[in-house]
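J.: Once you've had a glance at the structure underneath, I'll fire off some questions.
The values are calculated or read from the model by the stated rules, or taken from the named source; none is laboratory data. The shown structure was predicted, so the numbers you read here are calculated from the model rather than taken from an experiment. Here the Cβ positions follow ideal geometry from the backbone for every residue, glycine too, while neighbour counts run over all protein chains shown. For the accessible areas, the whole protein counts, side chains as well, though only heavy atoms, and no ligand, DNA or RNA atoms are used. Shrake-Rupley method; radii C 1.70, N 1.55, O 1.52, S 1.80 Å.
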Amino acid sequence: MSTKRIEWLDAMRGFTMILVVFSHIKTFGFGDIGGGCHINSFFMFFRMPLFFFVSGFIAYKVHQQWTLSVYKQNVLKKLRVQLIPMLFFGLLYTAIVFSPREDVPVRESIVQFFNSPDKFGYWFTEVLLLMFLIYYTVSLLLRKCKESFRFIVLACLAIVMFACSLLGQSFYQQYPIANYLCISNLLRYFQFFVFGLIFSCYQKKLFRFLGNQYVAGAILVLFFGTYWFHMHYMRDLSGSAALVGDKLLQLSTRYLGVISVLTIFYHYQGFFSSYTFVGRGLQYIGKRTLDVYLLHYFFLPHIPQVGAYFAQNSNLVLETTTTFVLALLVICFCLIVSNIIRISPFLSYYLLGVKRENKR
């Protein structure tokens, strides 16, 4: 199997990571205050779904032989890459940032970390780990079945999980195990991981379809249309029928958003290649997404005064530009710390999931 990285896909991962930091600066840094600027809510429709889609896309391996030894090897690798870094940086953040800021004893803060359904922001790595474990387990159990049948089973499982997610996060918070495992987010986003798996398997046909300029244009129009309709009409409706319609519209917008971003990066892959400054920058961030995600919480600025200013003086261009500049600065600090950690092969292997070089 080819191990060559897809440059525009790495660039898309980098772009998505910037959106994550952008959102956290907007919510945590500005105090979730803003004027008439809805750019963050726009990004939120496809930001995390796109992350899980890309994870599923990369997880699929052509002609993967699902033996018990391969299963154990993959599970142990994901435990090292996802769980150990999440626990280390999550607990470190809890002890040196969350505890002093909230004036809560360290021991109590750590208990809150494990009881929290979002792990103070570190839920992503744990949820992604669970998605990989589900995918590996289904693949092992159905290893003698056709690949298409495995995808059908995973898709049905994703549909059931999404239906369960409609019960709401508050429903699952009453069960401690659900909080420990971030179940509400797992149920909500597993479908996009499966979507990435299926898309990766049939990517030649699907990219040929998306390569048509008329299809690409129609997808973009549908995405912006559904987003506009949701923001201007569905949010003001009430009743159970309207609620169901709004959920389906949101889901459609999320999928269209993922496909729209994928289409843009695929069509302009030359611009996002290593031959351009933007392409090299986004790819570098894309190859360090785990590093940035784990570290960026330590560098998020706390400037509610800026949020208060934009609440009184709404300016889409100024607010968006300010937030993006701060996001890039935070990412730069993360990359500096990442490179320092990577000096040590031991630390980079266990804390950042870096592969060990094969010694000849």
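J.: As a check on your grasp of the helix formula, calculate [θ] at 222 nm for the chain: sum -39500 (n - 2.57) over DSSP H runs of n ≥ 4, divide by the residue count, round to the nearest 500.
T.: The helix-only estimate for the chain comes to -22000 deg cm²/dmol at 222 nm.
J.: Computed FRET efficiency, Cβ-Cβ of residue 148 and residue 214, R0 35 Å: what is it to the nearest 0.05?
T.: Calculated transfer efficiency: 0.75.
J.: Then there is this: Just to be sure I understand the model, the point goes 7 Å from the Cα along the line to the Cβ. What's the resulting residue 206 to residue 170 distance in nm?
T.: So the label points at residue 206 and residue 170 sit 3.6 nm apart.
J.: Which residue fluctuates the most in the chain, going by a Gaussian network model with Cα springs under 10 Å, if the choices are 58, 331, 343?
T.: 343
J.: Could you list which residues have their amide H under 5 Å from that of residue 143, counting only those 5 or more apart in sequence or on another chain, with H placed in the peptide plane?
T.: Those qualifying (amide H under 5 Å, at least 5 residues apart or on another chain) number zero.
J.: With a 1.4 Å probe and all protein chains kept in place, how do 103, 246, 118 rank by accessible area, largest first?
T.: 103, 118, 246
J.: Apply the Karplus parameterisation 6.51 cos²θ - 1.76 cosθ + 1.60, with θ equal to phi minus 60°, to every residue of the stretch 295-303 and state each ³J(HN,Hα) to the nearest whole Hz, in sequence, with x for glycine and proline.
T.: 9, 5, 5, 6, 10, 5, x, 10, 10
J.: Let me ask you something else. Can you list residues from other chains, or at least 5 along the same chain, whose modelled amide H is less than 5 Å from the amide H of residue 45?
T.: none
J.: Explain nothing, just compute: Karplus ³J(HN,Hα) = 6.51 cos²θ - 1.76 cosθ + 1.60, θ = phi - 60°, for every residue of the stretch 69-85 in order, whole Hz, x for Gly and Pro.
T.: 5, 5, 4, 4, 4, 5, 5, 4, 5, 5, 4, 5, 6, 9, 7, 4, x
J.: Sticking with this one: Gap in Å between the Cα centre of the stretch 157-205 and the Cα centre of the stretch 267-307?
T.: Spelled out, the Cα-based centre of one part sits 26 Å from the other.
J.: Using a Cα-Cα cut-off of under 30 Å, which lysines could be cross-linked to residue 61, ignoring same-chain neighbours fewer than 8 residues away?
T.: Once the sequence-local lysines are set aside, what remains near residue 61 is 4, 72, 77, 78, 144, 146, 204, 205, 287, 355, 359.
J.: Need one value: the accessible area of residue 134 in square angstrom, 1.4 angstrom probe, rounded to the nearest 10.
T.: In the full protein context, residue 134 sits at about 40 Å².
J.: Among 258, 330, 111, which one shows the biggest mean-square fluctuation in a GNM of the chain, springs joining Cα atoms closer than 10 Å?
T.: It is 111.
J.: If I stretch the segment between residue 61 and residue 335 completely, what's the gain in nm (0.36 nm per residue apart, minus their alpha carbon distance), one decimal?
T.: 95.7 nm
J.: Step through the residues of the stretch 154-168 one at a time and calculate ³J(HN,Hα) from phi using the Karplus curve (6.51 cos²θ - 1.76 cosθ + 1.60, θ = phi - 60°), rounding each to whole Hz and writing x for Gly and Pro.
T.: These are the phi-based 3J(HN,Hα) values: 5, 5, 5, 4, 5, 5, 5, 5, 5, 4, 5, 5, 5, 5, x Hz.
J.: Oh, and also: Please compute the length gained on full extension between residue 221 and residue 302, using 0.36 nm multiplied by the number of residues separating them and subtracting their Cα-Cα distance.
T.: Gain in length upon complete extension: 25.5 nm.
J.: Provide Rg and Dmax in Å for the chain, with only Cα atoms included in the calculation.
T.: 20.7, 67
J.: Something else: Between 88, 22, 113, where does the largest GNM mean-square fluctuation fall for the chain, given springs only between Cα atoms within less than 10 Å?
T.: Sorting by GNM fluctuation, first place goes to 88.
J.: Now for a different question. Given points 7 Å out from each Cα along the Cα-Cβ axis, report the residue 252 to residue 267 separation in nanometres with one decimal.
T.: Label at residue 252, label at residue 267, 2.1 nm between them.
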